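Worksheet: one structure, shown below.
The values are calculated or read from the model by the stated rules, or taken from the named source; none is laboratory data. What you see is a predicted model; the values in this text were computed from it and never measured. FYI the Cβ positions are ideal-geometry reconstructions off the backbone, even for glycines, and counts take in every protein chain you see.
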Ligand SMILES: [Zn+2]
């Protein structure tokens, strides 16, 4: 069914966890004699990953952040207009590396009205080796790709559509209808887009453009094109947020008086695009993106809404605060 997908990785992880638990038990039972306990610990395979799913509710809707892993690049790419010395200083102040910025891939599963809807497909391996973790994280909550009924894409960059294609070119989510913004489809899929606005090497741009078309090819017959501004499934409204790409949308998940705002790629990392007002280099229309960012961040701050940032540190949940000079990101407290 899902040839080439690492569906057994979770099994391996579980085995690793069980083995390390056994090692822990035996080192408790056997008194430590000249370091035999630590020899046992070294023999046990390491637990390779932390939990990559996080559950919460939006009214009657069950929501789960499912990490697809991480991507990243030089901080300059995500803060195109930052003065170099200031950028370096800001990153140092918050204990982040100054030569590489890590971006998370926080896809969101919502379960409502008997349907399972995934918001963003994730990167897979299209933007580096550390994507494609969503399958382990679906398995961790007892699901697999056949359980997904619909996938809503904010914009067609590879880190949002990469997982739609299996390694051998098939459909990863065989039953899912895939909702894609029409203006992105027209720009990235129907034409050969000029991506010279992106501050990356030409070779990267070509691969980026090809990965968009390749990722969407297997689902050509399952695509529903949408124009942002409407409720496209019950409980999920799309909000116009163009600028980053021609068609990018953000989302409001709502149930009763509860709501959650998904900001897609209005910002990459809160340190450079929320707490500091720097412009993401990959924004195609910098001014349009800036006005979308302000309009939607202002609303989030005014309504004190819970917010999910697709690329923010996992699980990406928090709130926007309006400050004298701009905004501040306030991460949500962990809920057990
Ligand atoms: Zn992105």
- So, of the residues in the range 149-158 that are within 17 Å of the chain's Cα centre (by Cα) and without any contact (Cβ under 8 Å) to a residue 40 or more places away in the chain, which turns out to be nearest to the ligand (Cβ to nearest atom)? 153
- Task: Name the one entry in 180, 161 that is farther than 19 Å from residue 311 by Cβ, within 16 Å of the ligand (Cβ to nearest atom) and not in a loop (DSSP other than H, G, I, E, B).
- Result: 180
- Note on the structure: Taking the range 159-203 and keeping residues out of contact with any helix residue (DSSP H, G or I) (no Cβ under 9 Å at 6 or more places or on another chain) and loosely packed, with under 14 Cβ neighbours inside 10 Å leaves 168, 190, 191, 194, 201, 202, 203
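Just wondering, is there one or more residues in the range 82-103 that are modelled with pLDDT of 95 or more and within 18 Å of residue 133 (Cα to Cα)?
Of the residues in the range 82-103, the ones modelled with pLDDT of 95 or more are 82-103.
Cutting the leftovers down to within 18 Å of residue 133 (Cα to Cα) gives us 102-103.
Yes.
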- Collect the residues in the range 208-217 that are surrounded by fewer than 16 Cβ atoms within 10 Å (Cβ to Cβ) and without any contact (Cβ under 8 Å) to a residue 24 or more places away in the chain, keeping them in residue-number order. 210
- Item | Exclusive hit being over 21 Å from the mean Cα position of the chain (by Cα), closer than 22 Å to residue 122 by Cβ and at pLDDT 95 or above, set 211, 221 | 221
